[in-house]
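Step one of this worksheet: look at the structure below.
The values are calculated or read from the model by the stated rules, or taken from the named source; none is laboratory data. All values reported here derive from a predicted model rather than from experimental measurement. Note: ideal-geometry Cβ built from the backbone for every residue, glycine included; neighbour counts use all protein chains shown. With ligands, DNA and RNA removed, areas are computed over all heavy atoms of the protein, side chains included. Shrake-Rupley method; radii C 1.70, N 1.55, O 1.52, S 1.80 Å.
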Amino acid sequence: MLKQLTLPLPDDFHIHLRQGSDLANYAKRAAEQFGRVLAMPNTEPPINSAETVKKYKEEILAAAPNLDVLLTFKLNKNYTEQELLAMQKNGVAAAKYYPFGVTTNSQDGVSKIEDIYPTISLLEKLDLVLSLHGEELDAYCLDREREFLKHLEKLCREFPKLRIVLEHVSTLEAVERIFDLPQNIVATITAHHLILTIDDVIGASLKPQNFCKPLPNSPQDRDAVRRAAFSGNRKFFFGTDSAPHPLEKKECLGGAAGIYSAPVAIPILIEEFEKENKLDLLPNFIAGFGADFYKVPRQTKTVAYIKEEWQVPKTIDGAVPLRAGEILKWQK
Ligand code: DOR
Ligand code: ZN
């Protein structure tokens with residue numbers, strides 16, 4: 001039986017590190033698991049200028065000096081080419097699109113995606129990535145990603161050279177569409193969408209720690225996400241969407257969407273890939289295809305994991321992590 005596993009130091013191409021006094025804890029915790037992260041911009045206030053990008057990177061590095069940090073900015077207005085170039089110079093790899101009101105800190109999101117086509121056209125020109133939170137606000141909550149796919153298809157037609165990531169893919173229809181669309185259209189997959197369905201959020205009792213956007217969906221949707229992850233297709237790579245909220249912001253009226261998965265995501269992935277007999281595909285999923293897509297060098301360092309059971313703490317950094325209190329099989 002496999003007892004040890006050496007993997008390339010993982011990348012996380014979608015993480016929320018927050019701001020203020022929480023940032024240092026979350027950044028340090030991320031650096032325990034990952035060599036490189038792509039940090040999301042839906043902080044308060046948002047990351048949306050060369051100055052805020054620069055400052056955010058400095059704050060992350062002050063807490064986690066060895067972390068390789070790539071940044072995003074929020075597409076909450078149109079930008080000039082000069083603004084985009086200045087952000088690109090400061091380490092921005094992607095522009096993040098949030099539809100208005102669909103998830104945490106998206107009150108300044110975009111109501112109509114066509115309104116920001118001028119900026120999207122510049123992204124294509126400058127070879128910046130468009131990172132999509134792909135949900136249609138007006139749709140039924142479990143169909144929001146499916147209903148968004150028409151916008152994705154239109155983006156592909158209008159901007160054929162643009163590199164696009166459909167983040168945290170969660171439905172059968174979206175997975176199939178990504179397989180079919182050209183090579184420059186890819187998707188990230190989270191650890192939680194590989195293992196959860198809506199039953200894990202509201203099935204037996206309300207589990208706020210598993211509440212996130214897009215929602216964990218049906219078993220058929222989860223299984224499609226699993227097939228994509230275990231396909232070995234370079235269009236699917238790992239991004240945790242680790243999104244910590246303090247316990248009191250999750251367990252209250254109007255609880256926040258977001259799953260804190262950074263501390264447990266890699267052990268969970270090892271377990272799931274092992275279960276499917278696909279461990280040979282894990283290195284590319286966590287440290288290959290994403291780097292290639294973002295045109296950054298692949299990781300050369302490695303990490304050794306051992307098969308030794310451990311119990312996930314009930315809280316980490318004041319937040320309830322994914323699989324809190326449960327036993328995981330693998331650890332560093
Ligand atoms: O569940 C989520 N939480 N989904 C998102 O898109 C945002 C994230 C957050 O920032 O908390
Ligand atoms: Zn996210």
Quiz item: For the chain, modelled as a GNM with alpha-carbon contacts under 10 angstrom, which of 126, 269, 152 fluctuates the most?
Solution: 126
Quiz item: Solvent-accessible area per residue for the chain at a 1.4 Å probe radius, Å²?
Solution: 41
Quiz prompt | Euclidean distance between Cα centres, segment 227-304 to segment 87-164, Å | solution = 21
Practice problem: Using only the C-alpha atoms of the chain, find the volume of their convex hull and express it per residue in Å³. | Solution: 122
Quiz item: Cα to Cα, under 19 Å, and not fewer than 8 places away if on the same chain: which aspartates and glutamates meet these conditions relative to residue 161?
Solution: 81, 114, 124, 127, 153, 180, 292
Quiz prompt | Listed residue pairs exceeding 24 Å between alpha carbons, taken from 213/329; 112/150; 213/295 | solution = 213/329; 213/295
Practice problem: Whenever you get a sec, compute what percent of the accessible area on the chain sits on carbon and sulfur atoms (1.4 Å probe). | Solution: 51
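Beyond 28 Å between alpha-carbons counts as too far, so tell me which of 57/96; 77/125; 74/301 fall in that bin. Please report the intermediate quantities before stating the final value.
Details: 57/96 16 Å; 77/125 18 Å; 74/301 31 Å.
Check vs 28 Å cut-off fails for 74/301.
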Quiz item: Taking the Cα-to-Cβ direction at residue 248 and at residue 218 and moving 7 Å from each Cα, how far apart do the two end points lie in nm?
Solution: 4.1
Quiz item: More than 24 Å apart: what percent of Cα pairs in segment 1-138 qualify?
Solution: 32
Quiz prompt | Fully extended contour minus Cα-Cα distance, from residue 80 to residue 66, at 0.36 nm per residue | solution = 1.8 nm
Exercise. At 0.36 nm per residue, minus the direct Cα-Cα distance, what do residue 127 and residue 279 gain on full extension? Give it in nm, one decimal, please.
Key: 51.4 nm
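What value, in deg cm²/dmol to 500, does the helix sum -39500 (n - 2.57) over DSSP H runs of n ≥ 4 give at 222 nm once divided by the residues of the chain?
After summing the helix terms and dividing by residue count, I get -10000 deg cm²/dmol.
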Quiz prompt | segment 68-125, relative contact order [Cα under 8 Å, separation at least 6], % | solution = 37
